[in-house]
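Beneath this line is the structure, given in structure tokens, with notes to follow.
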Amino acid sequence: MKRLRRKLPARERGSVAVECAIVIPIFLFMLSGMLFFGRLFWHYTVIQKAAHDAARFLATAPLRDMMAANGADVPLALVASKIASDEIAELNPGGLVFVPSIQCFVGTPPYWDSKCYGDKVPQKILARVKLQVTDPFLDAYTAEFTDGNPIQIEAVMATDWVGN
């Protein structure tokens, strides 16, 4: 039996190399975008969980602990801030800036008094966590889209105070 072998004409040699040269940069660009946005959403999920845990901790604090500090922020608000900071530290953000902010609101809207101490019972607890995210791998390319600034993401968790 004779094998049939198809021979490519001379003008089609090297066409696969040209196709790869065109497709590979597009594929790498798409892959780097998916990795960057995946990392961005992962960071957002972590700071959202950190804000939730900090607000939940402070919302369930007993009244005697909320009124323990006379005229100063409640040590519990500092503990809630530390909870958020520790959860964000697990991201290993390196030089990234993160700012946990814990607030208690007393009064009726829109006349909220933002304090976590005193003789009044807080009605709302607000935990806000901000994080600046940069891309350590493709920063030269992503900086072009963000004007050289890091992307700032923020998670806010508001809940009613339910302590006793």
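Observations
- Exactly one residue out of Leu91, Leu126 is within 22 Å of Phe41 (Cβ to Cβ), surrounded by 13 or more Cβ atoms within 10 Å (Cβ to Cβ) and at pLDDT 75 or above: that is Leu91.
- Residue, surrounded by the most Cβ atoms within 10 Å (Cβ to Cβ), within segment 129-139, restricted to residues that are of a type outside the set (S, T, N, Q) and at pLDDT 75 or above: Val129
- Residues in segment 1-25 that are at pLDDT below 85, of a type outside the set (A, V, I, L, M) and in a helix (DSSP H, G or I): Arg11, Glu12, Ser15.
- Cβ-Cβ under 8 Å pairs, at least 6 apart or on other chains, segment 33-45 side farther than 16 Å from Lys130 by Cα, far side surrounded by 11 or more Cβ atoms within 10 Å (Cβ to Cβ): Leu35/Phe137; Phe36/Asp135; Phe36/Leu138; Phe36/Thr142
- Extreme residue, modelled with the highest pLDDT, among residues of segment 55-68 that are surrounded by fewer than 17 Cβ atoms within 10 Å (Cβ to Cβ) and among the hydrophobic types (A, V, I, L, M, F, W, C): Leu63
The values are calculated or read from the model by the stated rules, or taken from the named source; none is laboratory data. Small disclaimer: the values here were computed from a predicted structure and weren't measured. Using ideal geometry, Cβ is built from the backbone for each residue, glycine included, and neighbour counts are taken over all protein chains shown.
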